[in-house]
1. How many of the residues making up the stretch 33-82 are at negative phi and exposed (fewer than 10 other Cβ atoms within 10 Å of the Cβ)?
2. In this structure, does Ser24 turn out to be free of Cβ contacts under 8 Å to residues at least 24 places away in the same chain and among the small types (Gly, Ala, Ser)?
3. Just one of Ser53, Ser49 is in a loop (DSSP other than H, G, I, E, B), among the polar types (S, T, N, Q) and without any contact (Cβ under 8 Å) to a residue 24 or more places away in the chain; which is it?
4. Taking the stretch 7-33 only, how many residues are part of a loop (DSSP other than H, G, I, E, B), more than 18 Å from Pro61 (Cβ to Cβ), within 19 Å of the chain's Cα centre (by Cα) and not small (Gly, Ala, Ser)?
Amino acid sequence: MPRFVVRYRGPGERPEQAVQRVRSIKDASVLDDTGRMMLVDAPEHELRSALGSDADWVIAPEVSYSVPDPRPRILRPPSQAD
C-alpha cells in the first residue's frame, strides 16, 4: 500500500475529527504522527475521501532518496594492452 505524508497547514490545532476519520480507514495505518504531520499507509482515494475538500490538509506521496557515498574514490585509467 502506498504511504502518504498528510500535513495540516491551517490555523491553530488540527481538527481531531479529521484525524479520527483517517485512523478509521479500513486497512490504513498511521505510521508516525508529529502533531501537524502524519505518515499514513493507506489507499489514496480513501485517504482523500476521509479528509474531504478541506484546503487546510495537504496530502503528498512519500518520497525517499538514497544517500550518496561521501567517500572519495580514485578512478583508475583504463588498462592498455601492449
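1. As a first pass, look at the stretch 33-82 and keep what is at negative phi: 33-34, 36-51, 53-82.
Narrowing the set further to residues that are exposed (fewer than 10 other Cβ atoms within 10 Å of the Cβ) leaves 34, 45, 53, 55, 60-61, 63-82.
Summing the residues that are at negative phi and exposed (fewer than 10 other Cβ atoms within 10 Å of the Cβ) in the stretch 33-82 gives 26.
2. Working: free of Cβ contacts under 8 Å to residues at least 24 places away in the same chain: no; among the small types (Gly, Ala, Ser): yes.
So Ser24 does not fit the description; no.
3. Working: Ser49 fails: in a loop (DSSP other than H, G, I, E, B).
Of Ser53, Ser49, the one residue that is in a loop (DSSP other than H, G, I, E, B), among the polar types (S, T, N, Q) and without any contact (Cβ under 8 Å) to a residue 24 or more places away in the chain is Ser53.
4. Start the filter on the stretch 7-33 by keeping residues that are part of a loop (DSSP other than H, G, I, E, B), which leaves 9-15, 24-28.
Next cut, more than 18 Å from Pro61 (Cβ to Cβ) only: 10-15, 24, 26.
Still in the list and also within 19 Å of the chain's Cα centre (by Cα): 10, 14, 24, 26.
From the residues that got through so far, the ones that are not small (Gly, Ala, Ser) too are 14, 26.
Selection size over the stretch 7-33: 2.
Bear in mind these aren't lab numbers, they're just calculated from the coordinates by the rules spelled out. Computed from a predicted model, the values in this text were never measured in an experiment. For neighbour counting, all protein chains shown are included, and Cβ atoms are generated from backbone atoms with ideal geometry for every residue, glycine included.
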